[in-house]
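Here is the structure we will look at.
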Amino acid sequence: QALRQISQRTISTASRRQFENRVSENQKLFQEDNGLPVHLKGGAKDSLLYRTTAGLTVCGTVYALYYLLISSMPKKPN
């Protein structure tokens, strides 16, 4: 019974991180009319993520087209 009380006490009194409510700051950032598309308004991290995704997409498309071309060629007899 003592163990149950200790476990309940530690669970109920566990320190919770207090996060600051930054919704209004983010709303101002994303609603600002600065000519940037919404997927790039987050800054350098968003730009890096966008460029990485675009690069991987282009590379994957080229890779798929290359193997489609290779697969469409007849095999040479040995």
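The values are calculated or read from the model by the stated rules, or taken from the named source; none is laboratory data. The structure presented is a predicted model; accordingly, all values stated were derived computationally and were not measured. Cβ sites come from the backbone with ideal geometry, for glycine too, and all protein chains shown count toward neighbours. With ligands, DNA and RNA removed, areas are computed over all heavy atoms of the protein, side chains included. Shrake-Rupley method; radii C 1.70, N 1.55, O 1.52, S 1.80 Å.
List of remarks:
- Near pairs, Cβ below 7 angstrom, 6+ apart or cross-chain, from region 40-61 (under 15 Å from Leu29 (Cα atoms)) to any residue that is of a type in the set (Gly, Ala, Ser) and surrounded by 11 or more Cβ atoms within 10 Å (Cβ to Cβ): Leu40/Ser47
- Selection status of Asp33, at pLDDT 90 or above and touching a helix residue (DSSP H, G or I) at 6+ places or on another chain (Cβ under 6 Å): no
- Qualifying positions in region 24-69 - among the aliphatic types (A, V, I, L, M), open to solvent by 80 Å² or more (accessible area, probe 1.4 Å) and in a helix (DSSP H, G or I): Val38, Ala44, Leu48, Leu49, Leu56, Val58, Val62, Leu65, Leu68, Leu69
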